[in-house]
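A short write-up of the structure that comes next.
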Amino acid sequence: MISNRVHGILSLLLITSAVATGWVAVAAAGLWIAVAYTLVIAMATPVVLYAYCAKCTCRHTGCRHVIPGRLTAFLPWREPAPYHFADYAATAVALLLLLGLPLPWLFGYKGLLWLYILFLSAGMTEILFLVCRGCGNRNCPVRRSHL
């Protein structure tokens, strides 16, 4: 059986591939819009890490995504605790910008759109059904130990 950490890394690679696919569609519109989306990626990623991953109870010892847990060591310390509205809101806004911003450009490239959907769907499926299964973060509402 493949370990949950392998699924965690695979899920991140799939979602990163979706973002890269979106970036290609955005970049086709011009250099400056590509630079702007690159800045969005560079700002949204640490927001997700700080708002969500930094409060995870198992980020240092049992992060199934491996990389985000290790990256939180470079962010200001947050006490592992239940998530609040501000944590959810910051995470949601960052993910909407990260994953939603390239959609208008992707609609102009049907092949890239389908590739984006494939990567994102596969990554989210990995997370929800394989990575979150049995996760030790009891504060996470996505945790699905009952699957």
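Read the figures in this text as sums done on the coordinates, not as results from a lab. Since this is a predicted model, take the numbers as computed values, not measurements. Every residue, glycine as well, gets a Cβ built from its backbone with ideal geometry; the counts of neighbours run over all protein chains shown.
In this rough spin-label picture, where each label sits 7 Å from Cα along the Cβ direction, the Val6-Leu39 distance is 4.2 nm.
Charged neighbours of Thr61, selected by a Cβ distance under 13 Å, balance to +4 (K, R count +1; D, E count -1). Once the chain from Leu75 to Ser121 is taken as fully extended at 0.36 nm per residue, the excess over their C-alpha distance is 13.7 nm. Taking other Cβ atoms within 10 Å as a rough exposure proxy, Tyr50, Tyr37, Tyr88 sort from fewest to most as Tyr88, Tyr50, Tyr37.
Let me know the shape class of segment 74-128, please: from the alpha-carbon gyration tensor, a ≥ b ≥ c as square roots of the eigenvalues, rounded when a/c is under 1.5, otherwise prolate if a/b is greater than b/c, or oblate. Numbers along the way, then the final one.
Values: a/c = 3.07, a/b = 2.12, b/c = 1.45.
The shape class here is prolate.
Once C-alpha pairs closer than 8 Å and six or more residues apart are averaged by separation and normalised to the residue number of the chain, the relative contact order reads 37 percent. If I model a spin label at Ala89 and Ala28 as a point 7 Å from the Cα along the Cα→Cβ vector, what separation in nanometres do I get? Taking the two extended label points, one gets 3.7 nm. Residues Trp114, Trp105, Trp77, Trp23, arranged from fewest to most other Cβ atoms within 10 angstrom of their Cβ, appear as Trp77, Trp114, Trp23, Trp105.
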